[in-house]
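S.K.: Structure in structure tokens, see below.
Computed from the coordinates by the stated procedures, all read-outs in this text should not be read as laboratory data. Quick caveat, the model's predicted, so the values are computed rather than measured. Because the Cβ atoms are built from the backbone with ideal geometry, glycine has one as well, and the counts that use them run over all protein chains shown.
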Amino acid sequence: MSKVNLETSVNHHIAISAIMIKRVFYKILSENQLNITPEQWNVLYYLSEQGSFTVGELSELTFKDFANISRIAQKLETGGYIEKKRDSTDKRVFKLFITDSGRELIGKLHECASQSTDIALEGIDEEARETLLKSLKQVIINTTGHLK
């Protein structure tokens, strides 16, 4: 059995990086007096880009379980940022839509996300950023494929 050294473990550094990036994003959101979580931002982002999704579709897109997305959607709906409507073709299905309030918030959230990214990637040149993104996408493909 091989021993894992956390100091050289890619998995460990990816996990720590994700935690720290999320903390920075929370801090920036708080400094801007935005009562939104990074997870809520993800849902608003996809709704602003694509128009509407079911909870199940958002669950797949965000890699969050159905129950988490349901709770996130409920909070966003209570805040007036999204609304839930029955699907026009299948009345059993509810679709989530971003509201005008949600659209107003999106611009501020994009600025906060951009600032968070700038902090996280400071000192990393464009070529290294592209390599990092490509590598992280491959990690997602590898791990997703293994879980199916």
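S.K.: Of the residues Ser59, Ser52, Ser48, only one is surrounded by 15 or more Cβ atoms within 10 Å (Cβ to Cβ) and more than 21 Å from Asp100 (Cα to Cα); which?
M.R.: Values: Ser52 fails: more than 21 Å from Asp100 (Cα to Cα); Ser48 fails: more than 21 Å from Asp100 (Cα to Cα).
Matching residue, one of Ser59, Ser52, Ser48: Ser59.
S.K.: Kindly state which helices (runs of 4 or more DSSP H) lie completely within the range 22-95 and contain at least 2 residues that are touching a residue at least 60 places away in the same chain (Cβ under 8 Å).
M.R.: Passing ranges, in order: 38-50.
S.K.: I've got another one for you. Return the pair list, or none, for Cβ contacts closer than 9 Å from residues in the range 108-134 that are within 27 Å of Glu31 (Cα to Cα) to residues that are of a type outside the set (Val, Ile, Thr) and surrounded by fewer than 12 Cβ atoms within 10 Å (Cβ to Cβ), at least 6 apart or on different chains.
M.R.: Within 9 Å, the pairs are Cys112/Glu31; Leu121/Ala128.
S.K.: In contact with a Ser or Thr (Cβ under 7 Å, 6 or more places away or on another chain) and among the charged types (D, E, K, R): which single residue out of Glu60, Glu83, Glu39 fits that description?
M.R.: On the way: Glu60 fails: in contact with a Ser or Thr (Cβ under 7 Å, 6 or more places away or on another chain); Glu39 fails: in contact with a Ser or Thr (Cβ under 7 Å, 6 or more places away or on another chain).
When all the criteria are applied, what remains is Glu83.
S.K.: Exactly one of (1) surrounded by 13 or more Cβ atoms within 10 Å (Cβ to Cβ); (2) free of Cβ contacts under 8 Å to residues at least 24 places away in the same chain; (3) under 22 Å from Phe25 (Cα atoms) is unmet by Glu104. Its number?
M.R.: (1)
S.K.: Moving to a separate point now. Of these, Ser88, Ser114, which one is small (Gly, Ala, Ser), loosely packed, with under 13 Cβ neighbours inside 10 Å and closer than 25 Å to Ile16 by Cβ? Steps first, please.
M.R.: Numbers: Ser88 fails: closer than 25 Å to Ile16 by Cβ.
One residue alone meets the criteria, Ser114.
S.K.: Is it the case, given these coordinates, that Ile119 is over 16 Å from the mean Cα position of the chain (by Cα), surrounded by 13 or more Cβ atoms within 10 Å (Cβ to Cβ) and not in a loop (DSSP other than H, G, I, E, B)?
M.R.: In short, yes.
S.K.: Would you check if Thr78 is over 20 Å from Leu136 (Cα atoms) and either of a type in the set (Val, Ile, Thr) or touching a His at 6+ places or on another chain (Cβ under 7 Å) (or both)?
M.R.: So Thr78 passes the test.
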